[in-house]
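Derivation of every value follows stated rules applied to the coordinates shown; laboratory data play no part. These numbers come from a predicted model, not from an experiment. Cβ sites come from the backbone with ideal geometry, for glycine too, and all protein chains shown count toward neighbours.
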Amino acid sequence: MSNDTFTARDRPDIRIDDGWYLSDVETLDDCLDAEEHLEIAIVGIETQIEEFDGLDHDWLKKAKQALRFKMAALKVVRRRKAVLQQEAKQERRAHSRNRDSLLVDYIVTQVAPETFARWVRESGCRMPEQEDLRVAA
């Protein structure tokens with residue numbers, strides 16, 4: 001590995017495939033692709049190590065180093081994937097809350113306040129604006 005593949009934090013920018021490095025993995029799709037490539041590479045290296053004939057110890061040392069790098073890269077990819085999945089989940093929740101709020105706002109404009117207040121009471125839901133909706137019975 002040449003020095004030009006190191007990141008700013010002096011960690012190797014591990015090659016996933018020809019022309020594709022760990023630093024290139026940015027999206028969830030990238031993570032899924034990288035995870036697949038790295039898993040295949042790891043299995044391939046492990047198979048070669050298992051079939052090692054014991055003659056070339058330099059090769060074995062390089063193979064074990066490559067295996068360690070690929071396994072480290074896989075961990076990083078899985079961490080990135082988890083972070084991206086969590087961010088996507090939070091974004092979906094925020095969008096869902098926003099959509100729900102818009103729906104409630106629309107319903108409030110379409111029905112009588114007494115009717116809406118009754119629906120809220122019957123549903124057992126608590127709404128922050130519930131105090132504003134109280135209607136004398």
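Peptides 79-87, 49-57 ranked from most to least packed by the mean count of surrounding Cβ atoms within 10 Å: 79-87, 49-57.
For a straight C-alpha distance cut-off of 16 angstrom, the lysines reachable from residue 62 (same-chain residues fewer than eight places away being disregarded) are 70. Proximity of backbone amide H atoms, modeled 1.01 Å from N, is registered between residue 16 and 21, 22 at under 5 Å, excluding neighbours fewer than 5 places apart on the same chain.
Quick check on segment 3-96: take the gyration tensor over C-alpha atoms, sort the square-rooted eigenvalues as a ≥ b ≥ c, and tell me if it's rounded (a/c under 1.5), prolate or oblate. Because a/c hits 1.5 or more and a/b exceeds b/c, segment 3-96 counts as prolate. The calculated FRET efficiency for the pair residue 93 and residue 36, based on their C-beta separation and a Förster distance of 30 Å, comes to about 0.60.
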